[in-house]
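Below: one structure, written as structure tokens.
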Amino acid sequence: MILELLLYILLLAFIALIASSLLSNQKKYIQSNRRMEKKLEKKIELLGEEQNNK
């Protein structure tokens, strides 16, 4: 009985650890995408300025 309870607790802790890891990876991916978006926006602005100067 006690062993089963400990096993369930261990399983829940393991699932929580996996979920936490997945959320952390997703957050890093989103931050990386935002950085790329900002860089692309700057390049688009520069291209627009070049076109206007021609």
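The values are calculated or read from the model by the stated rules, or taken from the named source; none is laboratory data. Remember, predicted model here, so these are calculated numbers, not experimental data. When the accessible area is computed, the model is the full protein with side chains, heavy atoms only, and any ligands, DNA or RNA have been set aside. Shrake-Rupley method; radii C 1.70, N 1.55, O 1.52, S 1.80 Å.
Taking every protein chain into account, the accessible area of the chain amounts to 106 square angstrom per residue (probe 1.4 Å). Against the chain, whose longest principal axis comes from its Cα atoms, helix 2-53 is set at around 0 degrees. For the chain, the gyration tensor built on C-alpha atoms gives a prolate shape. Its axis ratio a/c (a ≥ b ≥ c) is at least 1.5, and a/b is the larger of a/b and b/c.
Straightening the chain between M1 and E49 buys 10.0 nm, computed as 0.36 nm per residue apart minus the Cα-Cα spacing.
May I have the count of lysine pairs in the chain with C-alpha atoms under 18 Å apart, counting pairs 8 or more residues apart or located on different chains?
Details: K27/K38; K28/K38; K28/K39; K43/K54.
Lysine pairs satisfying the spacing and distance rule in the chain number 4.
Hey, any idea what % of the chain's accessible area is carbon plus sulfur with a 1.4 Å probe? The partial results should precede the final answer.
Numbers: 3750 of 5720 Å².
The C+S portion of the solvent-accessible surface of the chain is 66 percent.
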